[in-house]
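Every read-out reported here was derived from the displayed coordinates using simple, explicitly stated rules and does not represent laboratory data. The model shown is predicted, which means the values in this text are computed figures rather than measured ones. Because the Cβ atoms are built from the backbone with ideal geometry, glycine has one as well, and the counts that use them run over all protein chains shown.
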Amino acid sequence: MSMQPANYESREFPMTDENFVAIQKQAYASTGIKLTVHKKEMIYSRISRRIRQLGLKTFNEYCELIARDDHPEHNEFVNTITTNLTSFYREPHHFDYLKKTVMPWLLKKHQRDHRVRIWSSGCSSGEEPYTIAATFLQNTQFRNWDVKILATDLDSDTLDKGRRGLYSGDKLDNLTPEQHVSLFSGGSDEKNLNIKPQLKELIHFKRLNLMETPWPMSGPFDIIFCRNVVIYFDKDTQKSLFDRYANLLVPDGYLFIGHSESLNGVSNRFRLLGKTIYQRTH
């Protein structure tokens with residue numbers, strides 16, 4: 001039985017079983033992401049868009065392009081298959097915990113050097129690292145501290161959006177007035193809003209494929225946010241990834257993961273503190 005409905009072969013750009021398998025294999029080899037059959041409609045839609053933009057005629061032609069190691073389409077392919085869903089103050093209990101528990105720990109731990117290092121892994125278009133930065137700047141005890149946030153993602157297009165720090169006003173309706181003031185320079189009625197320059201100064205955006213070995217940064221980090229990233233990876237890849245995260249965290253450093261994720265059966269190097277909040281143990 002074919003693993004896809006017949007209409008994939010009767011659409012504008014026919015996609016065969018072999019085409020989808022080739023895309024799955026290339027995605028896994030390039031990024032570690034496992035594209036399941038449930039992602040087929042999304043993949044068809046996104047790759048079809050690339051086929052049109054490139055002036056190609058078939059999925060076969062596209063698969064031949066991404067099979068070539070030196071072809072520039074590889075970067076666009078990664079951007080195409082990567083799903084970026086994020087928002088400011090997403091999963092707000094993480095930022096409440098950051099303020100109430102982690103910040104007092106940091107103030108004590110770094111009372112001599114006043115140096116804090118944070119990694120936002122899978123930062124998408126910047127909403128997460130900017131929220132982290134705003135949370136720190138709201139705490140006057142960190143004034144004049146050396147606080148730096150590394151923001152990484154696989155998708156170069158979304159990273160560019162994060163660097164620009166320009167967001168459309170109609171997507172920010174769920175922010176409270178206090179949150180809005182903490183993030184943006186302009187008023188809430190403006191069509192496009194600029195992130196405050198002092199927030200941008202805390203963040204360094206960098207493209208990173210988590211499958212790279214070794215990672216270019218040496219750490220250590222006090223805090224790592226890796227939210228809604230590992231859901232795309234198989235169990236073995238998750239185990240390796242969280243082991244590498246633990247290696248880059250300071251002893252007792254904090255790890256925040258996504259609402260649908262868990263370290264149960266994945267890593268024994270962290271202890272659970274609260275909903276999707278962990279602390280490195282060894």
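Descriptive notes on the structure:
- Legend: calculated FRET efficiency, Q198 to R164, from the Cβ-Cβ distance at R0 = 25 Å, rounded to 0.05, equals 0.95.
- Only lysines eight or more places from K57 in sequence, or on another chain, were considered; those with a Cα closer than 28 Å are K25, K34, K39, K40.
- Note on D96, D236: ascending count of other Cβ atoms within 10 Å places them as D236, D96, the fewest first.
- Annotation for R68 and D157: the two label points, set 7 Å from Cα along the Cα-Cβ direction, are 2.1 nm apart.
- Distance violations [Cα-Cα > 22 Å] among K109/K235; K108/K200; K99/K148; K109/K161: K109/K235; K108/K200; K109/K161
- Length added when fully stretched, W105-S87, from 0.36 nm per residue minus Cα-Cα: 3.8 nm
- Our coupling estimate for region 130-144, obtained by passing each phi through the Karplus curve with A = 6.51, B = -1.76, C = 1.60 and θ = phi - 60°, is 5, 5, 4, 4, 5, 4, 6, 5, 6, 8, 5, 5, 9, 5, 6 Hz, Gly and Pro reported as x.
- For region 6-81, the relative contact order is 33 percent, taking Cα pairs closer than 8 Å that sit 6 or more residues apart in sequence and dividing their mean separation by the residue count.
- Alpha-carbon radius of gyration plus Dmax, which is the widest Cα pair, for the chain in Å: 20.6, 67
- Estimated inter-spin distance, N264 and E41, nm [label 7 Å along Cα→Cβ]: 3.0
- Between N174 and R143, the contour length at 0.36 nm per residue exceeds the alpha carbon distance by 8.4 nm.
- About the centre of its Cα atoms, region 1-134 shows a dipole size close to 820 debye [charges on the beta carbon of Lys, Arg (+1) and Asp, Glu (-1) only; nearest 20 debye].
- Candidates I23, Q111, I203 compared by Cα position along the dipole of the chain: farthest toward the positive end lies Q111, with charges placed on Cβ.
- Anisotropy class of region 71-223 from Cα gyration tensor, a/c 1.5 cut: oblate
- Only Lys, Arg (+1) and Asp, Glu (-1) charged, at Cβ; the chain dipole about Cα centre in debye: 920
- Between region 181-244 and region 100-135, the alpha-carbon center distance in angstrom: 11
- Counting only Cβ charges, +1 for Lys and Arg and -1 for Asp and Glu, the dipole size of region 26-102 around its Cα centre is about 340 debye.
- Exposure proxy order (Cβ contacts within 10 Å, fewest to most) of L150, L56, L272: L272, L56, L150
- Structure remark: mean-square fluctuation, Gaussian network model of the chain, C-alpha springs under 10 Å; the largest value among T58, T82, T131 belongs to T58.
- Rounded, prolate or oblate (a/c below 1.5 giving rounded, otherwise prolate when a/b exceeds b/c) for region 6-81 by Cα gyration tensor: oblate
- Under 5 Å from the amide H of L249 lie the amide H atoms of F221, each residue being 5 or more positions distant or on a separate chain, with H modelled from the backbone and absent for Pro and chain starts.
- Projecting the Cα atoms of N192, L272, P92 onto the charge dipole of the chain (Cβ charges, centred on the Cα centre) puts L272 farthest toward the positive pole.
- Size of region 215-278 as Cα extents on the principal axes (Å, biggest first): 26, 25, 19
- For the chain, averaging the sequence separation of C-alpha pairs within contact (under 8 Å, six or more residues apart) and dividing by the residue count gives a relative contact order of 16 percent.
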